[in-house]
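Quick note: the coordinates plus some simple rules give every number you see, no bench work behind them. Here the structure is a predicted model, which is why all the values come from computation and not from measurement. Counting neighbours? That spans all protein chains shown, and the Cβs are built from the backbone with ideal geometry, glycine included.
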Amino acid sequence: MTTVGHEAPSHHLAPELVAKQQRQAVLYMILADAVFFSCMIFAYFYLRSLNVQGGWIPDGGQTAPAWQVWVVAGVMLVSALVYRGAEMGIRAGQRQRFQGGTIAALLLVLVAAGLVIYQLATIPILMSDGSYASTFIVITGVQLVHLIVLAIVAIGIWNRAVRGKLDGGNDNHATLVGYFWYWVTLTALLAAGTTFFVN
């Protein structure tokens, strides 16, 4: 008795179509995050303008040091520029340049994350200390989540480069990581610009 094997049908999509779908997915993710982040910025300025019964910063209340948020934003801006250089390297077929640049940019992201953790641990405010305190802590906490996710993504794209997965013009994933990297950097700048306006 013999059995006839049946091969499973192949459903491979064209590389250009796969790249387009992946790009759309990343951009939709960034769009969703942008809506969420915009709501937090709106809440910050709305509560600041409303200031019901002095609830924005109650009498005797304190604020976070303004310089800390700008240091984090500055570190992230440098990391984005470093990653951009690495991204240009992989497009030129320079794997070592991409690997080194990605590691350098990742280290800067970890520095920024450390600064945010230090900021949250040392700021002289609590969630219960008025509207300013609560919105500032939430925005800063979301920024920390962004940095942690970005660090994980950076390790992943570095690993793909080490394994040669980005060689031969297959650098689409490096570009997609760049989209998210630049978005996280923009949120850091927006957070700094927003929380700079306290009173």
The extension gain from residue 142 to residue 14, computed as 0.36 nm times the residue separation minus the Cα-Cα distance, is 42.4 nm
Asserting the computed 222 nm helical MRE of the chain (DSSP H runs at least 4 long, -39500 (n - 2.57) per run, divided by residue count, to nearest 500) equals -26500 deg cm²/dmol
Yeah, the chain with a ≥ b ≥ c from its alpha-carbon gyration tensor (a/c under 1.5 is rounded, else prolate when a/b outruns b/c, oblate otherwise) is prolate
Projected onto the charge dipole of the chain (unit charges on the beta-carbon of Lys, Arg, Asp and Glu, signs +1, +1, -1, -1), the Cα from 61, 111, 139 with the largest positive-side position is that of 111
In debye to the nearest 20, the charge dipole size for region 58-164, taken about the Cα centre with +1 at each Lys and Arg Cβ and -1 at each Asp and Glu Cβ, equals 800
Plugging the Cβ-Cβ distance of residue 122 and residue 159 into 1/(1 + (r/R0)^6) at R0 = 30 Å yields, to the nearest 0.05, a FRET efficiency of 0.30
Sorted on mean Cβ neighbours within 10 Å (highest first), peptides 104-113, 119-128, 41-50, 90-99 come out as 104-113, 90-99, 41-50, 119-128
Taking r as the C-beta separation of residue 53 and residue 31 and R0 as 41 Å, the FRET efficiency to the nearest 0.05 is 0.65
Filtering trypsin sites (Lys or Arg not before Pro) in region 120-182 by DSSP loop and by at most 15 other Cβ atoms within 10 Å leaves 163, 165
